[in-house]
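Since the structure comes first, as structure tokens, the remarks are kept for the end.
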Amino acid sequence: MKKGSDLLVEALENEGVDRIFGVPGEENLDVVESLRTSGIKLILTRHEQAAAFMAATHGRLTGKPGVCIATLGPGALNFSTGAAYAHLGAMPMILITGQKAIMTAKQARFQIVDVVASMKPLTKMTRQIVSVASIPSVVRDAFRVAMEERPGPVHLELPEDVAAEEIADASVIPVHPLERPVAQATALDRAAAMILAAKHPLVMIGAAGNRPRLVEELSSFVRRTRLPFFNTQMGKGAVTGGSNLYMGTAALSERDYVHQAVDKADLIIAIGHDTIEKPPFLMKSAGGSKVIHIGYQSANVEQVYHPDAEVIGDIGATVTGLADRLEGKLEADPSMLALRQTILARINDRAEEDRFPVTPQRIVHDIRQVMPEDGIVCLDNGMYKIWFARNYRTHVANTLLLDNALATMGAGLPSAMMAAMLYPERRVMAVCGDGGFMMNSQEMETAVRLGLNLVVVILNDNAYGMIRWKQSVDNFPDFGMTFGNPDFVRYAQAYGAKGSRVASVEDLVPTLEAAFTGGGVHLVEIPIDYSENTRVLVEELRNRSPDIQLA
């Protein structure tokens, strides 16, 4: 005989799960006991939101769902932001929550919330498990749905009486590989003909092009076709190597320097563009560049994105098929490559400026100096995200993790913790604003307890800086966005971590280097000067065009 919780854990092990993140409650105690005697490690976090962010990042980096667990009611509802983070960001994950017994009601309605209903708009699928016998099939289906394109979160609710119920004969369902449909040859031929006919074709790599399994195919496509490319924020790092075909990252929607290339292009090949991202460029209804959409699924037609042709199927197979049709037939576009030098030079402007507090450009420049090619930088959300998207060059896939979909604050530290667990041999850094860091700063204790090697950079401006900047740009008075902060060095030390404060721009690289070489969890506080936001992102870009739209 085995309990429902035993069968659940066996089914998770069958899927290759080796760790679960969360904050269990009394309704999960049977599952906790089953985990105790399993090969799955329970990683206790200090808030359910952080557990969900960690599970989502596991899915993002590995392509296999991360798993998190919480109790009913308040614990389950604390998963909501993490579920939305994974849903909008296309990260496969499994959320497991407890519930009161469904066969009896000895505690009446105490703590009971309809979590299944609340999760419906935030997940790909949400189900309550109502019988022990159904557990193997429900878990297998959950993992399949989470991993299928477009990937995302799946929620399972396990009532405590179902978890405790015994069953005599039940076994898990074997796992088989997922095969993805491929594009029709006629669609590939049509796309190849459009590319060959274009004078200035330009590739854009979006969020759905940045899957771990696509790295080799996309990198090979760029090498074989020699087409210049740019990427969206969440497409950043999809191609390996310091290619001389890289034109930049679309951190804004228009008028930035990379949009000089977008404006010049007569055809944009949008690989994996997911319109859940803030638009990387704005399509015109007439007279603009033509667009080919290459994706796992048909394009979402939007006011600013309405492709002229589509190639639907597995992206890896599609770009390989296109490369087969295009290789050796395309001439390098010298005007685009010349424009590339201008774009990158403007983006690198003032990258070594020595004023203090430190400018965003200098911070990005110096962090790039201390991070090896395979080092992973995980961004929280704030004004600095735009600067990292524009200025930080990636050479290895999935080494700059940012969120341009839900764009939630509070995810930077948990996502970096997950990266440090998956890749303990690589340098991992979380970059957070003071506002975002304090939303999940309690996870410093979790990081220390797990013995992670992790550097946490806090960019301190004593404000919700991005909203304060937008307030100023929109000509509102400066009001309501500033706050005080703790002594971050002592705050880190209180958790058993190390802490440092950068006191001059010359100290930045040595302090970061020492934090990495010293090992363990090390917080580094850096005062930041955000006056460059207005000088560059408003005044300088407005001088290029008086009708700039900030986005």
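Overview of values
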read-out	value
At most 15 other Cβ within 10 Å, DSSP loop - trypsin sites (Lys or Arg not before Pro), region 198-240	199
Global form of region 185-345, assessed from the alpha-carbon gyration tensor, a/c cut-off 1.5	rounded
Charge dipole of region 185-345 about the Cα centre (unit charges at C-beta), most positive-ward option of 234, 276, 338	338
Pairs beyond 29 Å (Cα-Cα), from 124/284; 236/498; 3/106; 64/236	124/284; 236/498
Cα long-axis angle, helix 48-62 against the chain (0 to 90 degrees, to the nearest 10)	60
Loop-located trypsin sites (Lys or Arg not before Pro) in region 279-327 whose Cβ has at most 12 other Cβ within 10 Å (DSSP)	284
Radius 9 Å from Cβ of residue 434, net charge of other residues (Lys, Arg +1; Asp, Glu -1)	-2
Three-way shape label, region 34-84, alpha-carbon gyration tensor, a/c 1.5	oblate
Cα gyration tensor, the chain - rounded (a/c under 1.5), prolate or oblate	oblate
Theoretical gain in end-to-end length, residue 186 to residue 244 [0.36 nm per residue, Cα-Cα removed]	17.7 nm
Neighbour count of at most 10 Cβ within 10 Å plus DSSP loop: longest chymotrypsin sites (Phe, Trp or Tyr not before Pro)-free window in the chain	111-478
Per-residue [θ]222 nm for the chain (sum of -39500 (n - 2.57) over DSSP H runs n ≥ 4, rounded to 500)	-10500 deg cm²/dmol
Diffusion constant of region 206-266 at 4 °C, which comes from Stokes-Einstein with the Kirkwood Cα-pair radius and 1.567 mPa s, µm²/s	107
In Å, descending, principal axis extents of the Cα set of region 340-398	29, 29, 21
Förster radius 60 Å - calculated FRET efficiency between residue 301 and residue 133, Cβ distance, rounded to 0.05	0.85
For q = 0.11, 0.19 Å⁻¹, Debye-computed log10 I/I(0) when each Cα of region 11-148 counts as one equal scatterer	-0.36, -1.16
Tilt relative to the chain, helix 334-347 - C-alpha long axis, 0 to 90 degrees, to 10	70
Relative intensity, log₁₀ I(q)/I(0), of region 349-544 from a Debye sum that treats every alpha carbon as a point, q = 0.11 Å⁻¹	-0.46
Trypsin sites (Lys or Arg not before Pro) within region 329-360, DSSP loop, no more than 11 other Cβ atoms inside 10 Å	329
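Readers should treat all values here as calculations from the given coordinates under stated rules, not as data from a laboratory. Treat the numbers as computed from the prediction; the structure is a model and nothing was measured. Ideal geometry is used to build each Cβ from the backbone, glycine not excepted, and the neighbour counts take in all protein chains shown.
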